[in-house]
Structure formats: structure tokens, C-alpha cells
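Worksheet for the structure shown next.
The values are calculated or read from the model by the stated rules, or taken from the named source; none is laboratory data. Given the structure is predicted, the values throughout are model-derived calculations rather than measurements. Note that we place each Cβ from the backbone using ideal geometry, even for glycine, and neighbour counts take in every protein chain shown. Accessible surface is based on the protein model in full, side chains and every heavy atom, while ligands, DNA and RNA are left aside. Shrake-Rupley method; radii C 1.70, N 1.55, O 1.52, S 1.80 Å.
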Amino acid sequence: MQQARINGVEIAYDLRGAGTPLVMIHGAQGDQTMFSNFAPEFVRDYRVLTFDQRGSGLSEKPHGDYSIAQLADDTAALMDHVGFDKAHIVGVSMGGMIALEFALRHPRRVRSLVLGCTTPGGPKAVRIGGDAFTAAYSSQPMSSEQRGRALTEAAFTKGYLDRHPEIIPAMIEARRQRPLDPIALEGRLKAALRHDVYDRLGQITCPALVITGKDDALISWENSRLLAERIPNAKLVLLEPAGHCFWLEQPAESHTAIANFLASH
């Protein structure tokens, strides 16, 4: 793990592998450990950058306003720091929102775009919300057990959890090892809920893969359909059965779809 001061904030990051640059951007209350079982699949062919965004993981957690544009610019500045001029950009959940904004703000720096379980935002998208979101993404103080269990039950299908009962205690322990700052989380969630690139999607000209689980209880798969329809020449992959963490429920299918897409670009 390395540290760098990026746009005034200490950012924790990891750089592995060799080859074409690949950047992975995590979700709202996650951190780069979201990719601990996924990033290693790509390090043979790519130089993989993962990092904890401001307000997350082992990075600094300033209190105050956050924006998706700010987080996209942090990503660009971190790329500068590690010497990436241009990269494949993979974003999941809120990371997909950041990836969308990155592609709009820094188009020349994107080789291709992978958008996982995310949304264009705004009034024309299927709104993020519902009981699952409310329980899992509360910015109120919660114990590691409460938060870990709520997030796990929202992010995975019941069938997967029935087959893998070890997931809940593992998520609880992850929250214990990397506790959230409720104020920083609230700032990040407000940024996600303000996100709206629906009317700008036609400006994205890079190759794009949109991928999600059909059973996602947090961000409806219909948002992925909207993205694929409105981004020129985008490809849509729906995985079943799979919830929000599709790359964990369907690891082989997710890796194959993304690896084949990246290799073709």
C-alpha cells in the first residue's frame, strides 16, 4: 500500500502488474478491498491501479461537501502521480458514476469504460432508494455488525448468501478493520444522489461495456439498460442470478466479459 497527497488529501493506493494501465474505482461505502478477489485476475496483462477515494478506507476523510466531479478529478490527479496518461477505467456502483464523470471531464484519458451496477442518475433514471438502500447506507453511527450485515443482505442475492454463509461474518470483520466515518459517508452519499449525467451520455465516445446483476436490489438493472441505450455503441451484459456485487456472485462470467472487452480495445 502506498500513499500520495492528491488535491490536498492523503490517498492510499496500490499499483500492481504490468502492461496497459487499468484503473478500478470502488463504490460509496467500499474501498479498494472491494477488488481484492477481482483485481488479481487482471495483473498479468495490465498495470492495475486501485485506491481508496477521499472519505474511504485508509485515505483521509475530510468533512464537508463532496461531488462526483471532485472524485473524478482526484482519479485523474492520481493517474498523473503514478504516470498513467491513458487507461481503461472500471467503475462499480458509485465508482461507475465517477467513471462516467471522468469520461466526460477527461475524455482523452480513457481507453475504454466499464460501468458496473451503476446509474446515469437524475429524474429520468430509476432512483436509488428503497428499504435495502436505507438499511445498508445509513449515515447514522452503526456497529460493525449492524453495518456489515445490512450491506451484505442488500448487496447479494439470498440464494448466494444461503450457499455462502461465511460472507456476512467476513463483511462484519471488514467493517471492523476499516470503520466508516459517518460524516464523510454522508457527504459521499449526497454526492451520489446529486449525480446526473443522463443528458450528457451521448458525449461519451470511447468503447463502453455496461455490466450488472439482474437481481440488484440497490441500483436497478434498468439503469444499466438506460446507459447502454444512450452511450453510443455501448454493450450491455446482464448476469443472472446476481445482485449488486455481481463480480463476486458470478466471478467467472464477470471476468470473461470484462477481459474480452478490454482485450478488444
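Note that region 199-265 presents 43 Å² accessible area per residue, ligands and nucleic acids not counted, probe 1.4 Å. Taking label points 7 Å from Cα along the Cα-to-Cβ direction, ARG44 and HIS63 give a separation of 4.8 nm. Tell me which label goes with the value of Cα Rg over 2.2 N^0.38 Å computed from the coordinates here: (i) 1.04; (ii) 0.91; (iii) 1.43. Calculated Cα Rg over 2.2 N^0.38 Å: the matching label is (ii).
Within the assembled protein chains, the solvent-accessible surface assigned to SER220 is about 30 Å², based on a 1.4 Å probe. The distance from the alpha carbon centre of region 186-206 to that of region 26-64 is 19 Å, rounded to a whole number. Protein heavy-atom surface of region 1-89, 1.4 angstrom probe: 44% of the accessible area is carbon and sulfur, with nucleic acids and ligands not counted. Fully extending the segment from ALA252 to ASP131 would add 40.6 nm, taking 0.36 nm per residue of separation and subtracting the current Cα-Cα distance.
Taking the chain as a Gaussian network of alpha-carbon nodes connected by springs under 10 Å, the highest mean-square fluctuation of the residues HIS63, HIS26, HIS195 belongs to HIS63. Each Cα pair under 8 Å and six or more residues apart adds its separation to the average, and for region 2-103 the resulting relative contact order is 35 percent.
Considering only beta bridges that DSSP places wholly inside the chain, some 30 percent are antiparallel. With a Cα cut-off of under 26 Å and a minimum spacing of 8 residues unless on different chains, the lysine pairs in region 66-225 number 4. Take every Cα pair under 8 Å whose residues are at least 6 apart in sequence, average their separation, divide by the length of region 75-141, and the relative contact order is 30 percent. Protein heavy-atom accessible surface, 1.4 Å probe, per residue over region 18-147: 37 Å². Using C-alpha pairs under 8 Å with a sequence gap of at least 6, the mean separation divided by the residue count of the chain gives a relative contact order of 20 percent.
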